[in-house]
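The values are calculated or read from the model by the stated rules, or taken from the named source; none is laboratory data. All of these numbers come straight from a predicted model, not from anything done at the bench. Cβ atoms come from the backbone with ideal geometry, glycine included; neighbour counts cover every protein chain shown.
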Amino acid sequence: MKVLLFDIDGTLIRGGGAGRKALNRAAQELYGKKHACSELSLAGRTDLYNFGETYRVATGKKPSRAAVERLHQAYLKHLPYYVKSALRNRTYHVPPGLKTLLKHLSRDRRVLLGLGTGNMEKGARIKLEPSGFNAYFLFGGYGSDAFHRHALLKKAVARARKLSHTAFTSKDVYVIGDTPFDVFAGKKAGFKTVGVGTGYATWQELRASKPDHLAKGFKNIKTWLNWFELN
C-alpha cells in the first residue's frame, strides 16, 4: 500500500489568492484593520500559524485559541465568495496533467490518496470544490490538527492506517508539495518527499530543500508512477 499525501495551495490548485483575501476581509471585519495578512508569508504554513500571525498584526496582541477560532469562522464565511471570484476571473487553476494522474491513482487499489495541508479541513474542502478533487481525498491531515506541518502529516497517516486493509510503513508514505515547508515536514515525519514546481516557491528554493524526487509538474505520469513504485 502506498499513502500519497498532497498539499493543496500551489500543488493541487492555485486559487487566485482566495485564502489571503478571505483572511484579510475577516480581519478587517473583526478588528477594523485593512490588509492585515497582505505582507505575511502564508505559503507552506498552517492556518493555526497564519491566523495567529494575522491576529497579531491586526491587534498587536498575542493570539489566544479562542481569538484564532473566531477569526477562522469569519474566514470561512468569506472564503466561498473569493473562490467563486477566482473562478470568474479565471485565476483558479489546476496544474496540467494532475487530473489524469489523480484519476489513475484513484483506480489503483494499492493507493490511498490523502491531503497533507496547512488548511483547516472546512477551508480545504471549500478551496478544492471547484476542482472536483474532493471525491479523491477521503482523509487527510489538516491545519486544524496541529500547529506544525510534520505533526499533521503524522495525523493523516494515523487516519490512513484505519482505512487501509494492507500494512504499510513510513517508507510507503509520500508527501507531495510545492514549498520547502512541505519537504522539510515530510522529512521530519520520516516520509518520502516529492517537490513539485507548480506553486509559490522558486525552483531554486525547492531544489535546495532536497526532496527525494523533484518535478516541474504532473504531465509525465510514468515518472510519477515510477517514483511511487506503482509501475
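Observations, loosely collected:
- Every listed requirement among (1) among the hydrophobic types (A, V, I, L, M, F, W, C); (2) within 20 Å of Leu98 (Cα to Cα); (3) not in a helix (DSSP H, G or I) is met by Val183 save one, (3).
- Enumeration of residues in region 106-147 that are in a helix (DSSP H, G or I) and hydroxyl-bearing (Ser, Thr, Tyr): Ser106, Ser131, Tyr136
- Residue under evaluation Ala66, criteria (1) exposed (fewer than 14 other Cβ atoms within 10 Å of the Cβ); (2) of a type in the set (A, V, I, L, M, F, W, C); (3) in contact with a strand residue (DSSP E or B) (Cβ under 8 Å, 6 or more places away or on another chain), criterion not met: (3)
- Of the residues making up region 41-79, those that are in a helix (DSSP H, G or I) and either within 17 Å of the chain's Cα centre (by Cα) or closer than 22 Å to Gly199 by Cβ (or both) are Asp47, Leu48, Tyr49, Asn50, Phe51, Glu53, Thr54, His72, Tyr75, Leu76, Leu79.
- Complete set of residues in region 96-118 that are touching a Lys or Arg at 6+ places or on another chain (Cβ under 8 Å) and exposed (fewer than 15 other Cβ atoms within 10 Å of the Cβ): Pro96, Arg110
- Test set (1) within 30 Å of His165 (Cα to Cα); (2) hydrophobic (A, V, I, L, M, F, W, C); (3) assigned to a loop (DSSP other than H, G, I, E, B) - Cys37 fails condition number: (1)
- Enumeration of residues in region 1-30 that are small (Gly, Ala, Ser), out of contact with any strand residue (DSSP E or B) (no Cβ under 9 Å at 6 or more places or on another chain) and in a helix (DSSP H, G or I): Ala22, Ala26, Ala27
- Selection of first residues in region 199-221 that are over 15 Å from Leu12 (Cβ atoms) and of second residues that are modelled with pLDDT of 95 or more and among the basic types (Lys, Arg), restricted to Cβ pairs under 8 Å at least 6 apart or on distinct chains, gives the following pairs, ordered by first then second residue: Trp203/Lys216; Asp212/Lys192; His213/Lys192; Leu214/Arg207.
- Members of region 202-231 found to be hydrophobic (A, V, I, L, M, F, W, C), touching a Ser or Thr at 6+ places or on another chain (Cβ under 8 Å) and either surrounded by fewer than 16 Cβ atoms within 10 Å (Cβ to Cβ) or within 18 Å of Pro96 (Cα to Cα) (or both), listed by number: Ala215, Phe218, Ile221
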